[in-house]
Structures are given as C-alpha cells and as structure tokens.
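Okay, structure first, notes after.
The values are calculated or read from the model by the stated rules, or taken from the named source; none is laboratory data. None of the values given here were measured: they were computed from a predicted structure. A quick note on method: Cβ atoms are made from the backbone with ideal geometry, for glycine too, and the neighbour counts reach across all protein chains shown.
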Amino acid sequence: MLKLVIFIITLWLFTMPSYASVESINLRDSYKVGIRSGDKASKIIFDLLAEHFKFHPDYVYYDQFSDVLEDLRDSKIDFTANISYSKTRAQYLNLSRPTNVENTYLYTVPTAEEQIGLENIKVVGIAKNLIFKSYIKNLYPYIKIVEFSNYDEGIKLLRTGQVAGIVDSISKLDVFLNAGFDALTLNDKFPIQPVGLATSKIGEAELQAEMVNYLHQPKVQKQLRLKMEAYQLQARKEALRMHVKQMGIDPTQPITVKLESLIQLAEYQSNGQVKGVAADILKQSCEILALNCQIISTRDEEWDSMYQDLLNNKIDVLGPTTISSKRKKKMYFSSSYYTSEAIVVRRNSYKVGVYKRVSEMITEKISVIKDDYYDQLLSNMLPNTKLYRLNTREEQIEALKAGKVDYVIFNKQNYNKMLMTNVADLSTREDTTIGTFHYSRLAFAFPKTEQGHILSALFSRAMSLIDTSQVIKSYDINPDWRQVVEQQKKINTIILGVFIVSFLFISTIAWFIYRQSITDNLTKLKNRRALYQRYIRRIPKNTTFIYIDVDKFKVINDTYGHKTGDLVLRYLGQLIRENWSGHAYRIGGDEFVLIGKENIPQLQALMSRLQEFTVPVDRRTTLTVRASCGVSVSRDSLMTVDEAMHLADQKMYKEKAAVNVSMSNRMASMAKS
C-alpha cells in the first residue's frame with residue numbers, strides 16, 4: 001500500500017504543469033497588449049490571463065495587424081494574441097506554441113432559405129494579404145477571388161452583389177453583423193492555422209511560456225471555448241435585434257403564433273405550456289430576436305382552421321408546416337429545422353412483404369388525416385384510390401386494429417412515440433418492405449406579406465444560432481443504440497463481475513474442502529487419500545520410499561493417555577516437515593509414508609533424527625520415543641503404493657528383528673557377567 005501511495009505521488013509530481021513556477025517570475029502590474037480593433041477573441045484570451053496572473057492588461061488598438069507586429073518588434077507593446085506562425089515573423093518575434101484556433105467566417109447577405117456555403121458560391125471577397133486566399137485557391141479552385149483594400153470596400157462588394165460572400169476571421173464579426181450580414185463558420189471547411197501568443201525577441205519570453213502552459217490546461221481550453229461561443233452568440237443576437245428594428249418590426253407588439261398539436265413537435269401540456277421540437281425552436285428564436293411571441297392556438301384546434309388563419313393574415317406564424325412548392329406560392333417559409341419521414345403502418349400479419357412501393361397499393365384501404373400534408377401527398381400518388389380521411393391519429397390506430405382500414409400513413413417519429421405511450425400496440429407495425437417512402441421538410445410559415453417576408457428571414461437567421469440537432473435529440477424517441485449498447489455492456493460487466501466473484505468464491509470453498517479431504521487434521525501432513533491419488537499410476541523406480549511407524553504406540557496411549565499419543569504424532573509430523581523435502585503422508589494411526597529423492601547422507605541424517613526423539617509432554621515431563629523405518633531407495637520396476645509399502649514394511653521388520661537380536665545378545669552377555 002505504501003509503495004502504491006509513493007508511486008501516485010511521484011507520478012503526480014512528474015505530471016504537474018510547469019506553470020507552477022510562475023512565482024519565480026517578477027511580474028509587472030500591467031502589460032501592453034496590442035490587438036486589432038474589434039478583435040474580441042484576443043481580448044477574451046488576455047482577460048483570462050490577466051485574471052490568473054494578476055496583472056492589468058493595457059489594451060492598445062490598431063486598425064491594421066501589420067502595425068501590431070511592427071510595434072511588438074520594437075517593444076512598444078509587450079504581447080499580442082491570435083498570431084499564426086511564419087518563418088519571417090519568427091525572425092523578429094518570439095512566437096509561442098499554438099494556444100487556440102481563430103474562428104473564420106463566410107459573411108453573406110441574409111436569406112430566408114438555407115445558409116449559403118462555400119460550395120454554393122462562385123465569387124468570394126477576401127481582404128488583401130490574408131492567408132485565406134491560398135486556402136480558397138487550393139480547395140475551391142472554381143471560386144473566383146476578388147480582393148479589397150478596406151472593409152468599407154468589402155461591404156460595398158457584398159451589398160451590390162459583386163461577391164456572394166466574404167471570408168474573414170472572428171475579429172471582423174461585429175463589423176459584418178452590425179452591417180446586417182449573416183455569418184457562417186468555416187472552421188470545418190478548410191484547415192485553419194492554429195494561432196498563439198507573441199512577444200518581442202527581448203520581451204517577456206518567460207512569462208509568455210507560462211501563459212501558454214496555463215492556456216493549455218483542459219479546463220482553461222473549455223473555459224476559453226465557452227467564452228468565445230458566448231461572445232459570438234451575443235454578438236449575433238445583438239446584431240439581429242438591431243436588424244429587427246431597422247426592418248420596422250416593433251418588438252413590443254405581439255407576434256401571434258399557432259402550432260398544430262403533433263407528437264414530438266408540439267405537445268400541449270395540462271398547464272397550458274407547449275413543448276416539443278417546433279415549440280422549443282420557436283421560443284428560442286423569439287428570445288434571440290427579442291420578439292413578443294404569443295402562442296394563441298389550442299390543443300384541439302384543427303389544422304384546416306389554423307391554415308386558413310395564416311392565409312387570411314389573422315396570425316403571424318404557423319407551424320410545424322411542411323414546405324412544398326404549391327404552398328410557397330401562398331406563404332413564406334423559414335429555413336427548415338426538421339425532416340419528417342413518412343411510413344406505412346399495417347396490422348402485424350396483414351400482407352407481409354406484398355408491396356414495395358406505395359404506388360402499388362391501388363386496391364387497399366388507406367387512412368390519412370383529413371387535409372393534412374399526407375392527404376395531399378397520397379392524393380397525388382394514388383389519384384384513383386379512395387382514401388379514408390380521419391380526424392386524429394388515435395382514430396387511425398383504432399380503425400386499423402378493427403380492420404376498418406388496412407394501412408395508415410404516419411410520421412415515423414410520431415408512430416414510435418405512439419408505441420412508447422401505448423397509443424399504438426404491438427398488433428401494428430411499420431411495413432419495412434416499403435420503408436420510408438417520402439421525406440418532407442418542416443419549417444415555420446408566414447403570411448405572404450411584406451412583414452411575413454421580413455419575419456421569415458429573421459427567423460431563419462435566428463434558427464442558425466440554435467443547436468437544432470440538440471433540441472431534436474432531446475425529444476427523439478428513436479432508440480439511442482449507442483446508449484443501449486453501453487448500458488448492455490455495463491450490465492454484462494456487472495454480470496461477469498458477479499460470475500467471477502461467485503466462481504472464485506465457489507472455487508475457494510471447493511479448494512478448501514478438497515484440501516481438507518486430503519489433509520490429516522492432526523499432523524497437517526497429507527493423508528492416505530492424497531497418497532493414493534498422487535501415485536495412482538505407480539511409484540517411479542528411482543524414488544525413495546520410506547515407511548515409518550512408532551514403536552509401542554499402543555503402550556504410550558495406554559500409559560499416558562490418547563492426548564499424549566496425539567502430541568507424539570504431531571511432534572513426529574513437525575520433525576518430518578523440518579527434515580524432509582519430499583512428500584509426506586500420515587496413512588493412519590502411527591504409520592507414515594515419505595516419498596521423494598534424497599541422497600544417502602541426507603537419508604542417514606533423517607533416519608537418525610526420526611528413529612529416536614524426545615517429546616516434551618509438559619514443562620516437567622519429557623518422553624523418549626522410538627520409530628521404526630523401512631527404506632526402499634530404488635526398485636527394479638514401477639510399483640503400486642501397496643507393493644512399495646509391503647517392500648518397505650519387510651525391510652522395517654528385518655531391521656526391528658536385527659535390533660531385537662542385538663538387544664537379546666547384549667542382555668545375555670550382561671547376565672553371564
């Protein structure tokens with residue numbers, strides 16, 4: 001345990017970040033930091049550093065980054081951030097290891113459609129002397145590049161349509177957002193060079209190194225990322241809210257909204273709240289735009305009524321609405337936030353694998369929701385087929401189970417939710433032979449008015465700031481197979497752990513019982529069973545076999561009692577363990593067997609030790625005990641235990657007889673004397 005503690009402490013000491021030595025640096029009260037005007041990212045970095053290292057950042061703002069580098073070289077300022085490495089710069093500046101990447105954007109004119117990306121444009125503007133020009137040339141050679149000298153010129157190029165977008169860094173985010181443009185991050189579109197800190201060759205190199213070490217900490221990297229994200233979100237929110245006012249929208253006036261009651265998308269709660277993908281995205285969009293949005297619809301309000309209200313300009317927003325070319329003539333749409341999958345649901349055993357396409361189902365009884373998008377879709381796909389139009393999805397399920405209709409058309413996510421909530425049961429199932437037969441994009445719809453056009457564009461821009469995938473995921477009722485697999489792995493690990501523990505426990509008990517069964521409880525030597533088990537295939541020829549029994553053991557028991565007899569046997573067992581390196585067995589009563597490979601001198605020493613020994617009975621009494629030994633050093637062939645024991649027993653009795661004859665002769669000689 002102590003070794004483990006020492007190892008952990010040593011490992012901790014070796015892996016401690018080197019910024020702990022910052023106390024040895026003679027810090028000044030303040031340092032001059034040069035950054036470009038509007039470069040909030042650099043300011044975020046040095047605000048973090050100033051807080052940690054306890055100094056005041058004296059920011060010096062520049063219009064051109066070349067001026068920052070010039071003053072840094074001449075030591076007129078102490079530091080700058082977000083500087084990429086180049087061999088030229090490294091000649092006159094101390095450039096640090098990378099600390100972060102500088103976010104890069106494509107700035108474009110806002111649109112109500114999906115955001116424009118680099119892959120969709122033909123002409124792009126880039127400020128002179130920026131590295132983005134080489135990236136575009138290498139990765140998007142078909143895009144024409146127009147260079148400009150200042151940002152007023154760049155904004156003019158965008159507004160007049162001479163370029164479809166401008167590529168620049170996060171330092172110009174405020175400039176373009178406040179001018180009314182949209183911003184799309186390009187960090188995943190082409191390799192963005194990492195950036196770091198810089199000081200002059202005679203500057204604060206030691207402090208610079210400690211700053212970089214600090215910025216490399218995982219918690220600081222996360223803090224930096226969160227602060228950058230918060231800045232970007234807030235900057236885009238403020239620009240959008242300013243744009244709302246510029247477009248003549250009064251934020252204090254209510255924006256009336258109606259949401260169709262749909263599983264997963266807009267579910268009305270008992271407390272009057274509406275939850276779901278569409279409801280949450282609507283609320284977040286309204287918060288970003290600082291609009292006073294009010295949901296005035298009810299759970300039971302029919303879609304046709306809501307739809308007519310939008311066409312008659314009685315409401316400002318309708319959703320979730322499926323985008324179609326026919327509807328685009330009657331209303332404006334925001335960008336899509338959800339893709340709906342249309343599936344066919346049937347009774348479990350009904351016509352399995354018969355149809356592969358919906359267009360083949362011309363003779364079937366198919367149910368749709370009256371005046372729903374799928375009503376229009378199926379009417380076009382099966383113009384000569386009668387559709388069974390019902391008012392709710394619950395009615396569709398009941399009609400299907402009762403056999404009144406043979407198929408129903410559902411949104412896949414809705415059907416999965418109905419299965420989970422037992423609205424639908426396992427007597428119904430998706431016709432997987434047909435599978436998903438149509439994908440439709442859902443969005444918010446706006447009246448075909450000037451304000452509706454403005455709102456559609458504003459909502460699209462606001463939705464670009466929302467992590468819609470996370471919103472969808474929070475309501476997604478499709479199984480998270482990764483989570484299921486991970487949970488199953490945890491369960492399997494627990495089961496395996498229980499099995500291993502149980503196996504070890506049972507094995508330990510079995511091993512203990514087995515050891516007990518082959519061990520003599522009195523002497524702790526092995527017993528007769530162990531002897532016969534080990535040498536079931538006979539005893540090798542060159543293995544020494546010794547048979548021992550205690551002389552006059554019955555007399556000892558009768559004279560001194562069985563307790564003393566047991567003491568004698570235990571003492572003999574101890575002598576055997578101390579003087580014999582081979583296998584030793586007590587085979588019953590006062591009989592012992594030793595098997596092993598010993599040389600002649602070792603055997604003689606053992607015999608001398610065992611043939612006569614003194615047993616301490618108590619503090620005042622000792623008992624001299626003799627034991628007879630029959631030794632078979634080697635044999636002509638393999639022998640069974642009984643055969644070897646018989647041979648050793650014969651030798652033991654011969655020795656006993658010789659001893660008795662010797663003692664008799666000695667006594668007779670004494671008598672004659």
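Taking strands (runs of 3 or more DSSP E) as the structural unit, those lying wholly within region 157-218 and holding at least 1 residues that are touching a Ser or Thr at 6+ places or on another chain (Cβ under 9 Å) and surrounded by fewer than 19 Cβ atoms within 10 Å (Cβ to Cβ) correspond to 182-185, 194-200. All of (1) in contact with a helix residue (DSSP H, G or I) (Cβ under 8 Å, 6 or more places away or on another chain); (2) in the same structural domain as residue 467 (by TED's automatic domain parsing); (3) loosely packed, with under 14 Cβ neighbours inside 10 Å hold for residue 329 with one exception: (1). Inspect region 113-122 for any residue being within 30 Å of residue 212 (Cβ to Cβ) and aliphatic (A, V, I, L, M) and give the result as yes or no. Taking every residue of region 113-122 in turn, none turns out to be within 30 Å of residue 212 (Cβ to Cβ) and aliphatic (A, V, I, L, M).
Within region 237-272, which residues are of a type in the set (Lys, Arg) and either in contact (Cβ under 8 Å) with a residue 24 or more places away in the chain or farther than 21 Å from residue 463 by Cβ (or both)? Of everything in region 237-272, those that are of a type in the set (Lys, Arg) and either in contact (Cβ under 8 Å) with a residue 24 or more places away in the chain or farther than 21 Å from residue 463 by Cβ (or both) turn out to be 237, 241, 258. Does at least one position in region 373-387 carry a residue that is touching a residue at least 24 places away in the same chain (Cβ under 8 Å), closer than 25 Å to residue 299 by Cβ and in contact with a Ser or Thr (Cβ under 7 Å, 6 or more places away or on another chain)? Yes, region 373-387 contains a residue that is touching a residue at least 24 places away in the same chain (Cβ under 8 Å), closer than 25 Å to residue 299 by Cβ and in contact with a Ser or Thr (Cβ under 7 Å, 6 or more places away or on another chain).
Scanning region 522-573 for residues that are part of a helix (DSSP H, G or I) and without any contact (Cβ under 8 Å) to a residue 12 or more places away in the chain turns up 554, 555, 557, 558, 559, 562, 563.
Scan region 588-598 and give yes if some residue there is under 21 Å from residue 562 (Cα atoms), at pLDDT 85 or above and either in a helix (DSSP H, G or I) or acidic (Asp, Glu) (or both), otherwise no.
Looking for residues that are under 21 Å from residue 562 (Cα atoms), at pLDDT 85 or above and either in a helix (DSSP H, G or I) or acidic (Asp, Glu) (or both), one finds at least one in region 588-598, hence yes.
Candidates in region 407-422 are the residues that are crowded, with 20+ Cβ neighbours inside 10 Å and hydrophobic (A, V, I, L, M, F, W, C); of these, the one that is farthest from the chain's Cα centre (by Cα) is 408.
Of all positions in region 409-420, at least one carries a residue that is outside any loop (DSSP other than H, G, I, E, B), modelled with pLDDT of 90 or more and under 28 Å from residue 310 (Cα atoms).
The residue list 363, 298, 339 contains one member that is modelled with pLDDT under 95, in a loop (DSSP other than H, G, I, E, B) and under 42 Å from the mean Cα position of the chain (by Cα), which is 298. When each of 526, 552 is tested for being of a type in the set (Lys, Arg), crowded, with 18+ Cβ neighbours inside 10 Å, out of contact with any Pro (no Cβ under 9 Å at 6 or more places or on another chain) and under 22 Å from residue 607 (Cβ atoms), the lone residue that passes is 526.
The one condition from (1) closer than 24 Å to residue 415 by Cβ; (2) modelled with pLDDT under 90; (3) over 34 Å from the mean Cα position of the chain (by Cα) that residue 259 does not meet is (2). Only a single criterion out of (1) touching a helix residue (DSSP H, G or I) at 6+ places or on another chain (Cβ under 8 Å); (2) within 16 Å of residue 263 (Cα to Cα); (3) among the acidic types (Asp, Glu) is not satisfied by residue 371, namely (2). If you take the residues in region 379-406 that are part of a loop (DSSP other than H, G, I, E, B) and of a type in the set (Val, Ile, Thr), which one is surrounded by the most Cβ atoms within 10 Å (Cβ to Cβ)? My answer is 405.
Would you say residue 116 is under 20 Å from residue 176 (Cβ atoms) and assigned to a strand (DSSP E or B)?
When the stated conditions are applied, residue 116 does not pass them.
Looking at region 601-630 only, could you name the residues that are among the hydroxyl-bearing types (Ser, Thr, Tyr), within 14 Å of residue 571 (Cβ to Cβ) and out of contact with any Pro (no Cβ under 8 Å at 6 or more places or on another chain)? Hits for region 601-630 are 614, 621, 624. For region 613-653, filtering for residues that are in a strand (DSSP E or B) and surrounded by 12 or more Cβ atoms within 10 Å (Cβ to Cβ) leaves 12. All of 218, 194 fail the test of being closer than 30 Å to residue 89 by Cβ, of a type outside the set (A, V, I, L, M) and in contact with a Pro (Cβ under 6 Å, 6 or more places away or on another chain), apart from 194. Annotation: residue 96 fulfils all but one of (1) touching a residue at least 40 places away in the same chain (Cβ under 8 Å); (2) outside the structural domain of residue 177 (by TED's automatic domain parsing); (3) within 24 Å of residue 175 (Cβ to Cβ); the unmet one is (3). Against the condition closer than 20 Å to residue 192 by Cβ, in the same structural domain as residue 28 (by TED's automatic domain parsing) and surrounded by 17 or more Cβ atoms within 10 Å (Cβ to Cβ), how does residue 77 come out, does it pass? In short, no. Does residue 102 satisfy the condition of being within 18 Å of residue 211 (Cα to Cα), of a type in the set (Asp, Glu) and at pLDDT below 90? Here the answer is yes, as residue 102 does meet what is asked.
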